[in-house]
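Data first, discussion second: the structure below is written as structure tokens.
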């Protein structure tokens, strides 16, 4: 039923299909795929469909639309060269690559990368952003549709450790959350032209979280998280519909499932969105569920928080009570993704671990050592899971063999 | 034979002339070059971009030439157009106009980024020629080309060192250092020279301004001092006395002995919290000119030049690096007063004790304006040679 709803929702709004993974943490911005036929026993390596090289560095997630995969990277001594690449999902062949020069600052912590934010798509075009706050819109053949340099337009829109908020595209509006100590705003850009449709002042605090699309009362809102809390806005106008002002994390992003929002705040806080102007109802708050860098994931009636060291905590999504804990091999920066009753977690050391969450205490059922540093959140599409490191993109799943040339 | 061919090719490139683009391309280029802030011109540019990229390889050179004088937004439109033309033409086996492209590369009047794009194309299609050219591009206006040339020379120096040729290595490292503008490269080369017994005065090399007058502390409780206008922002009067956060404050001399020219406010004022202070220095220029003021630091700051506000950042304790911020500025001939406000917040963690900044004046490549330039106009050049120089 949930799958059908997702398909119908996507079909009515965009040119996306149910198997697309159009943005950070997938179609519902929560890391959960409705697919059920992903490989789960990864250890043998038999499911490695292909792997391909990437230029420079990057920790953004790949996004997948139909048979095309889009990935961003950055290169050069100061990571000032911005890359957008398109690959054939079937065989990993590179279809095109476009490069741009950063117009904003590219200073980052060594662990961060200018290619940290994940691009987004409305099913007709791809919109890619970078820590420099440059935004590029291309069609699926690599034709440039528009370019914005937000840090050039608004010179204090930067921080000195790197920015990472990913984009969402909702009803023809690209929502870009650009929040730092010196300047903070969220912009709604026309997906056809890149022009500002609105620009909303935001709390002047460094913020690495990403916007989340909410389905609320038959319409789509965008939830913006910050250290102040959560605001739900109308993507058409930037108007604030409701606010939760009791704090929030500035690193892991909230997840939404079945109308409830799971916000990294005071551990984890479950909110039920309210009508216009009203504060959302707080369902529970749990200090036992404490996400680290990874964002929470909600699968059915279970909510998961993974800390940086690798402790995976499973809680009851209805109450916030802790159900079990499982030690994974960490450390972790990337957010797990889920399909069926399996959670796919990849450590910073590149060890992918598949957790069967239907087991009473959870159980790691397989591992695959990709042998490279991975900070990026995996993506899921058409029976495959995609991992990326700085230098590589892997497809684990069903695929035709890559051509030898 | 191949070597002679390359030399002939290079000579040919240097001697040929460019042609004007066809009218339809010129029109499309004009539209793209008109893009501006906040997406201005994007819609029109998108249509023109398709026209620009629809043609064959002959359209490549006009696109590259269109980058001359283009703003940063337009440069990216044109870069994407060049990439598109090149990838399509190369994939179909078309012959690129390499003679014209070579001439374009050697003509340093063209935009450095366009020339870099051509250099990368050459490196892809004819690596030996690109490699040969690189050795002569140590002082190229393209920072990326220069970076690669310095890297090549640094590798040669390391090979000489590994082979036991210390004097040869030293010469090569020195040559690389003279051309390097990338901070990491400069640090790496300086370390190599130090191991060869030739320490580098990095303060002098980078041209950090070391001698300042400072005044403070003023109140920055609740980080409100960043916006509050204290008397030094209104007038610099070295004889004046003001109410500070904890009593009367006066201007005093401060000279940095820090390896990278940090002006450390903790030294004159103590390790204070929720305070702000000002530093001012004179910079002499032999003429009116456009420069960059480059500042590094992890505290909130504001900068004024000759009383005109340039830029500021209200951000504390994220990270710092040399040339963290570059501000275009117009120097006047003679004396130029630089005023810096630097604030400290309330955080008490041990990584929040820094209350400092570093600043230098450079050209657009990062070449510092050195004391010799000031000496030429008969001005005391002690600014980069502090009295307490260790």
Handout entry: Sorted by Cβ density within 10 Å, fewest first, the residues A:354, A:297
Key = A:354, A:297
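At a Förster radius of 41 Å, what calculated FRET efficiency corresponds to the Cβ-Cβ distance of residue B:353 and residue A:365, to the nearest 0.05?
On the way: r = 49 Å, r/R0 = 1.18.
E(calc), rounded to 0.05, equals 0.25.
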Problem - Rg and Dmax of the range A:200-240, Cα atoms only, in Å - result: 10.5, 32
Exercise for the section: Determine the shielding of peptide B:252-265 by partner chains: average, over its residues, the number of Cβ atoms on other chains within 10 angstrom of each Cβ. Expected result: 0
Exercise for the section: Just order B:265-275, B:124-134 by mean Cβ neighbour count inside 10 Å, highest at the front, would you? Expected result: B:265-275, B:124-134
Practice task
Quickly rank A:382-391, A:283-292 as a protection proxy: mean count of other C-beta atoms within 10 Å, highest first.
Solution key: A:382-391, A:283-292
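As a footprinting exposure proxy, order B:122, A:271, B:101 by other Cβ within 10 Å, with the fewest listed first.
B:122, B:101, A:271
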Handout entry: Relative frequency of Cα-Cα separations exceeding 45 Å in the protein assembly as shown, percent
Key = 30
Practice task
Please give the length that would be gained between residue B:364 and residue B:88 if that part of the chain were fully extended, namely 0.36 nm times their separation in residues minus their C-alpha to C-alpha distance (nm, one decimal).
Solution key: 96.0 nm
Exercise for the section: Take the Cα gyration tensor of the range A:263-405, multiply each eigenvalue by 5, square-root it, and list the three semi-axes largest first, rounded to whole angstrom. Expected result: 30, 17, 14
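With contacts defined as alpha carbon pairs under 8 Å and 6 or more residues apart, what's the relative contact order of chain B in percent?
About 13 percent, as a whole number.
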Exercise for the section: Specify the inter-centroid distance of the range A:345-381 and the range A:160-197, based on alpha-carbon positions, in whole Å. Expected result: 31
Practice task
Take the alpha-carbon centre of the range A:53-101, take the same for the range B:54-74, and report the distance between them in whole Å.
Solution key: 23
Exercise for the section: Note the full-extension length gain between residue B:286 and residue B:159 as 0.36 nm times their separation in residues minus their Cα-Cα distance, in nm to one decimal. Expected result: 41.5 nm
Practice task
Quantify how strongly other chains surround peptide A:184-193 by giving the mean number of their Cβ atoms within 10 Å of each of its Cβ atoms.
Solution key: 2
Fill in the blank from the handout: Taking only the alpha carbons of the range A:322-374, the radius of gyration and the largest Cα-Cα distance, Dmax, both in angstrom, are 10.8, 33
Completion exercise
Kirkwood-based Rg/Rh on the Cα set of chain B evaluates to 1.05
Practice task
Could you list the residues of the range A:361-376 with an amide nitrogen less than 19 Å from a label point located 7 Å from the Cα of residue A:301 in the Cα-to-C-beta direction?
Solution key: A:361-363
Exercise for the section: Take each of the peptides A:119-132, B:177-190, A:357-370, average the number of other beta-carbon atoms within 10 Å over its residues, and list them starting from the highest. Expected result: A:119-132, B:177-190, A:357-370
Handout entry: Distance cut-off 31 Å, percentage of C-alpha pairs in the range A:20-397 lying past it
Key = 29
Practice task
Figure the gain on full extension for residue A:285 and residue A:316 (residue separation times 0.36 nm, minus the Cα-Cα span) and round it to one decimal in nm.
Solution key: 10.0 nm
Exercise for the section: Mind computing the radius of gyration and Dmax over the alpha-carbon atoms of the range B:2-134? Å is fine for both. Expected result: 15.1, 51
Problem - Ascending count of other beta-carbon atoms within 10 Å, so fewest first, for B:301, A:324 - result: A:324, B:301
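Please compute the average number of Cβ atoms from other chains found within 10 Å of each residue's Cβ in peptide B:144-155.
Values: counts 6, 0, 0, 3, 1, 0, 0, 1, 0, 0, 0, 0.
Rounded to a whole number, the mean comes out at 1.
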Handout entry: Alpha-carbon spread of the range B:145-227, three principal axes, descending order, Å
Key = 59, 28, 18
Practice task
Could you check the simple spin-label distance between residue A:46 and residue A:341, using points 7 Å along Cα→Cβ, in nm with one decimal?
Solution key: 2.3
Exercise for the section: On a 0 to 90° scale, report how tilted helix B:2-15 is relative to the longest principal axis of chain B, with both axes built from alpha carbons and the result rounded to the nearest 10. Expected result: 70
Practice task
First measure r as the distance between the Cβ atoms of residue B:123 and residue A:139, then evaluate 1/(1 + (r/R0)^6) with R0 = 41 Å and state the FRET efficiency to the nearest 0.05.
Solution key: 0.90
Handout entry: log₁₀ of I(q)/I(0) at q = 0.15, 0.19 Å⁻¹ - the range B:206-384, Debye sum with one point per alpha carbon
Key = -0.82, -1.31
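For residue A:327 and residue B:152, what does the FRET efficiency come to when R0 = 51 Å and r is the distance between their Cβ atoms, rounded to the nearest 0.05?
0.60
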Practice task
Rank B:215, B:263, B:85 by mean-square fluctuation in a GNM of chain B with C-alpha springs under 10 angstrom and give only the top-ranked residue.
Solution key: B:85
Fill in the blank from the handout: Simple SL model, points at 7 angstrom along Cα→Cβ for residue B:221 and residue B:326; separation in nm is 4.2
Exercise for the section: Note down the nm distance, to one decimal, between modelled labels 7 Å out along Cα→Cβ at residue B:135 and at residue B:166. Expected result: 2.6
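Would you please report the Å³ per residue occupied by the convex hull of the alpha carbon atoms in the range A:102-246?
102
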Handout entry: Helix-only mean residue ellipticity at 222 nm for the protein assembly as shown, each DSSP H run of n ≥ 4 adding -39500 (n - 2.57), per residue, nearest 500
Key = -6500 deg cm²/dmol
Fill in the blank from the handout: Rounded to a whole number, the Stokes-Einstein D of the range A:19-173 in µm²/s (Kirkwood radius over Cα pairs; 37 °C; 0.692 mPa s) is 204
Completion exercise
Sorted largest first, the Cα spans of the range B:56-118 on the principal axes come out in Å as 32, 24, 15
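The numbers here are math on the coordinates, done by the rules we state, and not lab data. Fair warning: this is a prediction, and the values are worked out from it, not measured in the lab. For neighbour counting, all protein chains shown are included, and Cβ atoms are generated from backbone atoms with ideal geometry for every residue, glycine included.
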